[in-house]
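> Next up is a structure, given as structure tokens.
Rule-based calculations on the coordinates, nothing more; no lab input. The shown structure was predicted, so the numbers you read here are calculated from the model rather than taken from an experiment. So basically every Cβ, Gly included, is an ideal-geometry build from the backbone, and we count neighbours across all protein chains shown.
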């Protein structure tokens, strides 16, 4: 299995999985994708069902991820997955359990990991893979990432104490909940550097891309990525789509749909890849909050990024994103993997005019039939009402992002097709909204007791790439 860039030429040298594992962005600014998506047959599907039932999630992960990896021995990959997905790391032995919510809707519980967010499912494996690859190559890695809420803590907990790894994590100052801030800023370790940027998440993401786009600086300071621009993280997320589908169905050809709350298009992009593998997914329902850039595209064909002034601070803050990093991967597939068109859209039109328009193209006209995508959005009032209704009707407490998903899912449920909503986090991370919705504090796992009162370790930084580079130099060279 070889990889190509969404902006690269078809005849370029194509690296393997190990080569792109630590790289993040491609050298031309594009994103890595496999040169082809494997297609699974009925025998493979039946084997996966037996594997999940008999051997568990880690064994399934090794099988699915192994489709995309041919430069790590299968036995080593299985061991890495077993270390990542164990009941010592996750609070439920199923790792990703599912439950019926009613009215044709199911929940895929993705928040059983150490930081109570779905990001743990990719980050725990990424930590294993990074340490394994660094040991093989005798190198070190400085991870540069950005978070709108949950990616940062999941990455830091996954990388904490691993040999040869530092983490520089950018956050939008004042934009995360107190709990989310405390999860990150309470970590007291010289290899974990939290940075609060004067701006919104998109500014943080742009800084990461600008600094990583300096090829000489990236090479000298051995920069790598854990954001969903990193292909390894995305492929790890494909596994829970497979597992959720298997757990909700009994027949190997039974269709399901997924509703995915998303801002950066990473989570639902993994669902897109699962569908391309041949998992029988009828619809991929994209759910956004008031920052509805992606919903606008799937309704109109116009992708219009927005600046900080137009990016709303909402009660589902992890989706307060107006520039979706992973969207380029899907557009590459939508346009028949035409890298020249992708370069034009993302390298010229977006930077210069702030939008592109595919509304009159045949590709957009067939987007739902070919790729299964539909979309909807949600507001604060919707979130509060959905949290309250789900609690009072089903005694299930969901976080605001999952509530965005449940609200939109109800608009697209089809008869006899289970609709699986991908949970994003435990409600404890968003206590203020939960109290507003149902009048009581969400249950807090014992491991999070009192974290808001711990000393904070965070560096304030202006929205400036040179200032970020100077900080990285001081910590690496110092």
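> What is the extension gain from residue 210 to residue 55, computed as 0.36 nm multiplied by their sequence separation minus the C-alpha to C-alpha distance, in nm to one decimal?
Using 0.36 nm per residue and subtracting the Cα-Cα distance, I get 51.5 nm.
> Debye sum, Cα scatterers, region 209-277, no solvent: what log₁₀ I/I(0) at q = 0.15, 0.20, 0.25, 0.27 1/Å?
Once normalised to I(0) and log-transformed, intensities are -0.60, -0.84, -1.09, -1.18.
> Determine the principal axes of the Cα atoms in region 339-478, then give the extent along each, sorted from largest to smallest and rounded to whole angstroms.
58, 51, 23 Å, listed from the longest principal axis down.
> Could you give the distance between the Cα centres of region 428-449 and region 259-320, to the whole Å?
Answer, in whole Å: 26.
> So for 259, 151, fewest C-beta neighbours within 10 Å to most, what's the order?
Fewest-to-most Cβ neighbours within 10 Å comes out as 151, 259.
> Still on this structure: Given points 7 Å out from each Cα along the Cα-Cβ axis, report the residue 469 to residue 357 separation in nanometres with one decimal.
3.8
> Another question, if that's okay. Return the Rg/Rh ratio of region 1-72 with Cα-based radii and a Kirkwood Rh.
1.08
> Quick one: pull the percentage of alpha-carbon pairs in region 170-312 with a separation above 23 Å.
Percent of Cα pairs beyond 23 Å in region 170-312: 52.
> Rank these for me by crowding, 368, 44, going from fewest to most other beta carbons within 10 Å.
Lowest to highest Cβ neighbour count: 368, 44.
> May I ask for the equivalent-ellipsoid semi-axes of region 136-189, computed as the square root of five times each C-alpha gyration tensor eigenvalue and listed largest first in whole Å?
So the equivalent ellipsoid measures 23, 11, 8 Å along its semi-axes.
> Among 249, 262, which comes first, then next, by fewest other beta-carbon atoms within 10 Å?
Taking fewest neighbouring Cβ atoms as first place, the list is 249, 262.
> Along Cα→Cβ, 7 Å out, is where each label goes; now give me the distance between the ones at residue 394 and residue 76 in nm to one decimal.
Rounded to a tenth, the inter-label distance reads 4.2 nm.
> For region 18-134, treating each Cα as an identical point scatterer without solvent, what Debye log10 I(q)/I(0) comes out at q = 0.16 1/Å?
The Cα Debye sum returns log10 ratios of -0.91.
> Further question on the same structure: Using 0.36 nm times the number of residues separating residue 348 and residue 440, minus their current alpha carbon distance, what extension gain do you get?
28.2 nm
> A further question follows. Report the calculated FRET efficiency for residue 47 and residue 309 (r = Cβ-Cβ distance, R0 = 35 Å), to the nearest 0.05.
Efficiency computed from Cβ-Cβ geometry: 0.10.
> For the chain, what does the helix formula give at 222 nm: sum of -39500 (n - 2.57) over DSSP H segments with n ≥ 4, over the residue count, nearest 500 deg cm²/dmol?
For the chain, the value works out to -12000 deg cm²/dmol.
> Shape call for region 86-210 from the C-alpha gyration tensor, a ≥ b ≥ c root eigenvalues: rounded (a/c under 1.5), prolate (a/b greater than b/c) or oblate?
Oblate, since a/c reaches 1.5 and b/c is not below a/b.
> Could you work out how far the C-alpha centroid of region 12-59 sits from that of region 345-374, in angstrom?
The two parts, judged by their Cα centres, are 25 Å apart.
> How much of the DSSP bridge set in the chain is antiparallel, in percent, rounded to the nearest 5?
Among the beta bridges of the chain, antiparallel pairing accounts for roughly 25 percent.
> Related question: Tell me the Kirkwood hydrodynamic radius of region 298-384 in angstroms, computed as one over the mean inverse distance between distinct C-alpha pairs.
It works out to 14.5 Å.
> Just the Kirkwood number for the chain, please: inverse of mean 1/r across all distinct Cα pairs, in Å, one decimal.
The answer is 22.3 Å.
> In whole angstrom, and with the biggest value first, how far do the Cα coordinates of region 234-391 range along each principal axis?
If we take the Cα atoms of region 234-391, the spans are 50, 38, 27 Å.
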